[in-house]
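The values are calculated or read from the model by the stated rules, or taken from the named source; none is laboratory data. Since the structure is predicted, the reported quantities are computational estimates derived from the model, not experimental observations. Positions of Cβ are generated from backbone atoms using ideal geometry, with glycine treated the same way; all protein chains shown enter the neighbour counts. Heads up: the accessible areas ignore ligands, DNA and RNA and are worked out on the full protein's heavy atoms, side chains in. Shrake-Rupley method; radii C 1.70, N 1.55, O 1.52, S 1.80 Å.
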2 protein chains.
Amino acid sequence: MTTINDIAKMANVSRTTVSRVLNNNGYVSESARERVMKVVEATGYIPSVSAKSLRTKRSGVIGVILPKISTETASRVVGGINEVVAKEGFQILLTDTELNHEKEIEYIRLLHSRHVDGIILLATNVNDRLLNTIEDANLPFISLGQELPGVTSIVYDDYHASRDMTHMIIKKGHKKIAYIGVGEDDPAVGVLRKQGFIETIQEAGLEVEESWIRYGDFSIESGYESMKQIVEASPGNLPTAVFVVTDRMAVGAMEYLKEQGLRIPQDIAITGIGASVMSKYVSPSLTTIDYFNKEAGTMAAELLLEQLQDKNTKKKFLQNYRLIERDSV
Amino acid sequence: MTTINDIAKMANVSRTTVSRVLNNNGYVSESARERVMKVVEATGYIPSVSAKSLRTKRSGVIGVILPKISTETASRVVGGINEVVAKEGFQILLTDTELNHEKEIEYIRLLHSRHVDGIILLATNVNDRLLNTIEDANLPFISLGQELPGVTSIVYDDYHASRDMTHMIIKKGHKKIAYIGVGEDDPAVGVLRKQGFIETIQEAGLEVEESWIRYGDFSIESGYESMKQIVEASPGNLPTAVFVVTDRMAVGAMEYLKEQGLRIPQDIAITGIGASVMSKYVSPSLTTIDYFNKEAGTMAAELLLEQLQDKNTKKKFLQNYRLIERDSV
């Protein structure tokens, strides 16, 4: 089997130079880099990761746990993370929990067992087993999207974003406002967004019809179904606006309204959260909240790299947002 | 440090039972499983992967290399893969090359060095270094989306899908048809889709205006720009239809046409490929080709699992497709 010493000899460079090239770490002249890569390719040499880890105490890999790879939120966050860590010579391993809480725990263990240097979790819930698993892994760790006690967390300002959106709807003259949310096991999307909505409604002296509060599962179809249930529950007394906690569910809700011949926003106004690409291209374009996901990813990566130096930075960071007013309200 | 023997003792089961539970592999009674998991959680035990690999010769992990996690194609394929491998107790590690060919090679090496049992590559190009890297890795390997010589490949039928779409456009009476494609370093999307389009046009005795052939980079913005160039190149002599090789670029092209006050399909008809969720919700809804990506993922996973038994199944598989006629033509 080819060793790093063989590569060094064949490329006529030092062992350190080979290591620098392979780890993308430290200065190497362009010509030396080329020679090394040529030999590496010719021999098909694959550095032994465990040996490398033992020497450098770093594997050069960051694990990222996503709730669902198909969401744009996830891909923008990963884009932001990658921008930061790639510059430092790190690669990324992604895992997809498909919104299964159990898999968050499994994947933390898996990534740990693959010797990643740190983990960024796009968190969807908070529970003791998750917290214990994070503690046991004892790795640099960032939670993004939920506040996890004892873990450096970057959270979106769900409560105030929802308040701002609800204010805007009320300011446009709406008094009959429906709500499409998600389950309350998701503290950020399920609890905080609802709380922001409900409290703002109540402060304005309005009431929320019980049958106008529905829950989906993040999918477009569940938005469609929730909207259908709201409309069917109130023949002759429809809401004039619907606050939806995600863009995808809002798109589903819009689809149902359009099928029913209801005009958006003239008959029913609608809002989303997330600033998805689709929100811009549906018709009418969807009023939504931009959470700057890419910047959140960048911040997560920077905090993780900081932790790689010093493990004791446990803090909570609040990510900024902006309301994008479009044509659906 | 806690060992597997400690876990076995504390849970009052055999070492084999602990191993079965942790590897999700072989029969274990529900009560034994619960006891083991309770101890595993209480102790924070994380099995040593290298030791495990040495014993079972399997790491239980499949590597998947995606060109871009933000595409729906990718997420559907991963969904299909996961459905199959999860049943067999495998986990998935994803990597995202961000359409960087160099990273395909880097990630094959990375996944190999992390001891995955096999790799599924959503391929975007064919080059010798890639083929050499695959050969060197010497792992069960599936290419999806491009035919790689010597590698089990599942390919979409790009040529015939493009022919069918072009036929349909011509049958609707269009004679002046523009083309928005991608670079020819992508054999499937760049070469075969173009070939299907051009040959069908020529067989129908039509010609393609040179200035109506434009290339984007898969992004919505590049579709917008390409459409703009086509329209600006031909004042007073616009095409009546545009064949676009991806849905995302088609959505961008539609956006430009709408901004210009051109009606779709009355002034200019437009088609995409990919059956993205967005294609259904843009307005007008986009006529497109569905490649059954999830089924392709399922097939890739099944072929990979077969290879895990017997490494000598090198074949090419052609994936089916269907044309979805909507309102944009």
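Take the conditions more than 20 Å from the chain's Cα centre (by Cα), open to solvent by less than 40 Å² (accessible area, probe 1.4 Å) and under 21 Å from B:Ile65 (Cβ atoms) and apply them to A:Ser75. Does it pass? Taking the combined requirement at face value, the residue does not satisfy it. For A:Ile273, state whether it is over 20 Å from B:Ser285 (Cα atoms) and touching a Leu at 6+ places or on another chain (Cβ under 7 Å). Spelling it out, it is not the case that A:Ile273 is over 20 Å from B:Ser285 (Cα atoms) and touching a Leu at 6+ places or on another chain (Cβ under 7 Å). When the residues of region A:54-69 are filtered to those that are within 30 Å of A:Glu184 (Cβ to Cβ) and part of a strand (DSSP E or B), the one that is farthest from the other protein chains (Cβ to nearest Cβ) is A:Ile65. Counting only residues that are closer than 30 Å to B:Val251 by Cα and either β-branched (Val, Ile, Thr) or in contact with a helix residue (DSSP H, G or I) (Cβ under 7 Å, 6 or more places away or on another chain) (or both), region B:294-316 holds 6 of them. Filtering region A:78-95 to residues that are open to solvent by 20 Å² or more (accessible area, probe 1.4 Å) and at the interface with chain B (Cβ under 7 Å from one of its Cβ atoms) leaves only A:Gln91. Per the listing A:Val208, A:Val189, the residue uniquely open to solvent by 10 Å² or more (accessible area, probe 1.4 Å), out of contact with any Ser or Thr (no Cβ under 8 Å at 6 or more places or on another chain) and outside the structural domain of A:Ser143 (by TED's automatic domain parsing) is A:Val208.
Screening region B:126-154 for residues that are surrounded by fewer than 19 Cβ atoms within 10 Å (Cβ to Cβ) and on the phi > 0 side of the Ramachandran plot and picking the one that is farthest from the chain's Cα centre (by Cα) gives B:Asn138.
Anything in region B:288-329 that is of a type in the set (Ser, Thr, Tyr) and in contact (Cβ under 8 Å) with a residue 60 or more places away in the chain? List them, or say none. Show your work before the answer.
In the first step, residues of region B:288-329 are kept if they are of a type in the set (Ser, Thr, Tyr); the result is B:288, B:291, B:298, B:313, B:321, B:328.
Across region B:288-329, the qualifying residues are B:Tyr291, B:Thr298, B:Thr313, B:Tyr321, B:Ser328.
Does A:Lys280 fit the bill of being in contact with a helix residue (DSSP H, G or I) (Cβ under 9 Å, 6 or more places away or on another chain), basic (Lys, Arg) and either assigned by TED's automatic domain parsing to the domain that holds A:Ser143 or at positive phi (or both)?
Numbers: in contact with a helix residue (DSSP H, G or I) (Cβ under 9 Å, 6 or more places away or on another chain): yes; basic (Lys, Arg): yes; either assigned by TED's automatic domain parsing to the domain that holds A:Ser143 or at positive phi (or both): no.
So A:Lys280 does not fit the description; no.
Of the set (1) without any contact (Cβ under 8 Å) to a residue 60 or more places away in the chain; (2) in a loop (DSSP other than H, G, I, E, B); (3) farther than 19 Å from B:Lys172 by Cβ, all apply to B:Gly205 but (3). If you go through region B:116-135 and keep only what is within 10 Å of chain A (Cβ to nearest Cβ) and in contact with a Lys or Arg (Cβ under 8 Å, 6 or more places away or on another chain), you end up with just B:Thr133. Of the strands (runs of 3 or more DSSP E) lying entirely inside region B:212-329, the ones with 3 or more residues being crowded, with 19+ Cβ neighbours inside 10 Å are found at B:241-244, B:269-271.
If I ask for residues that are in a strand (DSSP E or B) and in contact with a Gly (Cβ under 7 Å, 6 or more places away or on another chain), which ones from region A:70-94 would you list? Those that are in a strand (DSSP E or B) and in contact with a Gly (Cβ under 7 Å, 6 or more places away or on another chain): A:Gln91, A:Leu93.
The rows are residues; the columns are (1) of a type in the set (A, V, I, L, M, F, W, C); (2) without any contact (Cβ under 8 Å) to a residue 24 or more places away in the chain.
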| position | (1), (2) |
| --- | --- |
| A:Asp136 | no, yes |
| A:Ile142 | yes, no |
| A:Pro149 | no, yes |
| A:Ser153 | no, no |
| A:His160 | no, no |
| A:Asp164 | no, no |
| A:His167 | no, no |
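If you go through region B:97-125 and keep only what is of a type outside the set (A, V, I, L, M) and open to solvent by less than 20 Å² (accessible area, probe 1.4 Å), you end up with B:Thr97, B:Glu104, B:Tyr107, B:Ser113, B:Arg114, B:Asp117, B:Gly118, B:Thr124, B:Asn125. When each of B:Ala178, B:Ala161 is tested for being at pLDDT 95 or above and not in a helix (DSSP H, G or I), the lone residue that passes is B:Ala178.
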